[in-house]
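What follows is a single structure, written as structure tokens, with notes after it.
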């Protein structure tokens, strides 16, 4: 009897083990199904939130959209986001101790850090030292920008060099219209922001035509306003910042009294960054 008792007990133990294993297996499978369903719901929610964000950022739904929101929308709907820079010394970074200290270098880094989806953003710099608007056209730099197929163009109007080279105001206006007409024709979907160069110490000094730097800015602004092009006056923005910080123009210029130093480029970057967030 004792022997049979041990056999029965062993059988019961085996049955418990088998049942326990099956129960554990079923429980694990159920837990796995629940985990997959939960993950699927999270993924579905993420997709819904992404689609809602894209819808909210659509340019056609935001007529007064900020540039950073525009770039964010582009980053969510395409593989690459390109900003092409066109201009002269200010764009190339003249006066900055290194490229990363220029306003362009700082702006690119700041935009990437501002939105996670802008990590793939890339700047292509077509800034050329001592280039006037005429030089940009003759040097086929407009074609180089078109080749980039950018989403945004930041065009620093080369007025300091136009003034220095004594180009006429008529030629300056004609060049500006020629550059913009070509960019708008070849890149109809790209946004274009025209910016003025930075302030210089001798802004009222006249060239061989009897014209000063401000004459070139005002003449260009007439064309810009007539055509309703998007424009930011970097000169005025930087001067406003200097007043707020109780600083002199001489503090932010290199020894040539024309090009911004590292501090000047930083203030220029601050002006640009604020503009990019404006509605």
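Just so you know, all these numbers are worked out from the coordinates, no wet-lab data involved. Just so it is clear, the structure is predicted and the values come from calculations on it, not from any experiment. Here the Cβ is made from the backbone with ideal geometry for all residues, glycine too, and neighbour counts use every protein chain on show.
Laid out as a table, the results:
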item	result
All-pairs alpha carbon distance profile, the range 94-181, 5 Å steps from 0, percent	3, 12, 20, 20, 18, 14, 8, 3, 1, 0
Net length gained if the chain between residue 251 and residue 277 were fully extended (0.36 nm per residue, minus Cα distance)	6.7 nm
Inter-label distance, nm, simple model (7 Å from Cα along the C-beta direction), residue 185/residue 240	3.5 nm
Exposure proxy ranking, count of Cβ atoms within 10 Å, fewest first, for 102, 88, 168, 110	168, 110, 88, 102
Value of relative contact order over the range 14-148, rounded to a whole percent, pairs C-alpha under 8 Å and six or more apart	23 percent
Share, in percent, of DSSP beta bridges within the chain that are antiparallel, nearest 5	5 percent
Helix axis angle, 2-57 relative to the chain longest principal axis, alpha carbon, degrees	20 degrees
For the range 120-271, share of DSSP beta bridges that run antiparallel, in % to the nearest 5	10 percent
Efficiency of FRET from Cβ geometry, residue 115 and residue 39, R₀ 35 Å, rounded to 0.05	0.85
Chain lengthening between residue 226 and residue 51 when straightened (0.36 nm per residue, less Cα-Cα)	59.2 nm
Residue with peak Gaussian network fluctuation, the chain [Cα springs, cutoff 10 Å], from 77, 94, 27	27
Burial ordering of 21, 126, fewest other beta-carbon atoms within 10 Å first	21, 126
On Cα atoms only, tilt of 67-77 relative to the major axis of the chain in degrees	40 degrees
Dimensionless Rg over Rh [the range 161-279; C-alpha; Kirkwood]	0.99
Sites residue 147 and residue 17, calculated FRET efficiency, Cβ-Cβ separation with R0 41 Å, nearest 0.05	0.05
For the chain, calculated [θ]222 nm from helices alone, where every DSSP H run of n ≥ 4 adds -39500 (n - 2.57)	-19000 deg cm²/dmol
Rounded FRET efficiency, nearest 0.05, which uses the C-beta distance separating residue 76 from residue 26 and R0 of 45 Å	0.60
Relative contact order (%) - criterion: Cα under 8 Å, at least six apart; region: the chain	20 percent
Angle in degrees between helix 262-276 and the longest Cα principal axis of the chain, rounded to the nearest 10	70 degrees
Distribution of pairwise C-alpha distances over the range 83-276, 10 Å bins, in %	9, 38, 39, 13, 1, 0
Directionally averaged shadow of the range 33-165, computed from the convex hull of its alpha-carbon atoms, nm²	10.7 nm²
Per-residue Cβ neighbour rank within 10 angstrom, fewest leading, 12, 258	12, 258
